[in-house]
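As structure tokens, the structure follows; a few thoughts come after it.
The values are calculated or read from the model by the stated rules, or taken from the named source; none is laboratory data. Keep in mind it's a predicted model, so treat the numbers as computed, not measured. Because the Cβ atoms are built from the backbone with ideal geometry, glycine has one as well, and the counts that use them run over all protein chains shown.
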Amino acid sequence: MTRLDHTLMALRQAGRSGLVTYFAAGDPDPAACLALLRGLPAAGADVIELGMPFSDPVADGPVLQQANARALAGGQTLKRTLALLREFRDSGWETPVVLMGYLNPLLRYGVEAFMADAAAAGADCLIVIDLPIEHADDIGRAARARGIHLIRMSAPTSEDARLAEVLRDASGFVYHIMLAGTTGASLPDEHRIARDLERLRAHTRLPVAAGFGVRSPEEARRVGRHADLVVVGSRLAEALAERGVAGALDEVRGLAAALRP
């Protein structure tokens, strides 16, 4: 079983949803980011989503755009992001890590080389947020060959026919974007979330992660009643910028507690 398999099985046995924490690699600086990564498992992160900084993160709201900008200004590169992940794994942590980023840096790195290096560093999953499903075959094959899940995404605007196409070869879990907008926007009401996730589950047996918009423990609890994994990013990036690593880990502890019985 993979690290992700073990985590999802443990969550099912515990009867609860898991917390996915997003941070941009290298924010606010490489040393602080490594300390943050090492502190996340004990703080309650079940899965870590590690952003690969990019100069034009079009799906991200202002908070995560600033996090990307800080990381890039500090010299963060894709190679350094993979090195950061390798250092985290060398510390002994087995928490699943999802690399999240955009297509351009991956193509510049070279798809085959990236997958080989990402697998060697200890990546479990990959989200390429601007990769259309129509152009995902080669990248998907390269990821599978290295044991990396290429995570498929859905949205409230996804029609049933489109969902069937997007999820045909999906693996790992499905990432559902709960709102039609960028990260950090307002969360839809719980009835809408429940309805959208019920429709999504008609197309897949994979666990469902729900993200974009969760900013508080209470919101995490509400989403966790319907999703297998709850993703929080913008609020954590704010806490990191305002209160440093200790403050960000405190925020994670509060969110994690909200998802426990």
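One residue stands out among those in the range 153-170 that are in a loop (DSSP other than H, G, I, E, B) and out of contact with any Ser or Thr (no Cβ under 9 Å at 6 or more places or on another chain): the one that is surrounded by the fewest Cβ atoms within 10 Å (Cβ to Cβ), which is E159. As a summary of the residue check, H191 satisfies the conditions (1) within 24 Å of V97 (Cβ to Cβ); (2) at pLDDT below 95; (3) not polar (S, T, N, Q) except for the one numbered (1).
Exactly one residue out of G39, G75, G101, G26 is farther than 26 Å from A256 by Cα, touching a residue at least 40 places away in the same chain (Cβ under 8 Å) and small (G, A, S), and it is G75. Every listed requirement among (1) under 20 Å from G51 (Cβ atoms); (2) surrounded by 20 or more Cβ atoms within 10 Å (Cβ to Cβ); (3) not aliphatic (A, V, I, L, M) is met by G224 save one, (1).
Picking from A194, A170, which residue would you name as being among the hydrophobic types (A, V, I, L, M, F, W, C), out of contact with any helix residue (DSSP H, G or I) (no Cβ under 7 Å at 6 or more places or on another chain) and over 18 Å from I127 (Cα atoms)?
Being among the hydrophobic types (A, V, I, L, M, F, W, C), out of contact with any helix residue (DSSP H, G or I) (no Cβ under 7 Å at 6 or more places or on another chain) and over 18 Å from I127 (Cα atoms) holds for just one of A194, A170, which is A194.
In the range 181-261, counting only helices (runs of 4 or more DSSP H) that sit wholly within it, the ones holding 2 or more residues that are in contact with a strand residue (DSSP E or B) (Cβ under 9 Å, 6 or more places away or on another chain) and farther than 26 Å from A161 by Cβ span 217-224, 234-258. Among the residues that make up the range 176-192, is at least one of them closer than 13 Å to S154 by Cβ and either polar (S, T, N, Q) or over 19 Å from the mean Cα position of the chain (by Cα) (or both)? No, the conditions are met nowhere in the range 176-192. Yes or no: the range 82-92 includes at least one residue that is among the acidic types (D, E), more than 26 Å from P132 (Cβ to Cβ) and modelled with pLDDT of 95 or more. Yes, there is a match, as at least one residue in the range 82-92 is among the acidic types (D, E), more than 26 Å from P132 (Cβ to Cβ) and modelled with pLDDT of 95 or more. Restricting attention to the range 7-17, does a residue exist that is hydroxyl-bearing (S, T, Y), in contact (Cβ under 8 Å) with a residue 40 or more places away in the chain and either within 13 Å of A237 (Cβ to Cβ) or in a helix (DSSP H, G or I) (or both)? Yes, that holds for at least one residue.
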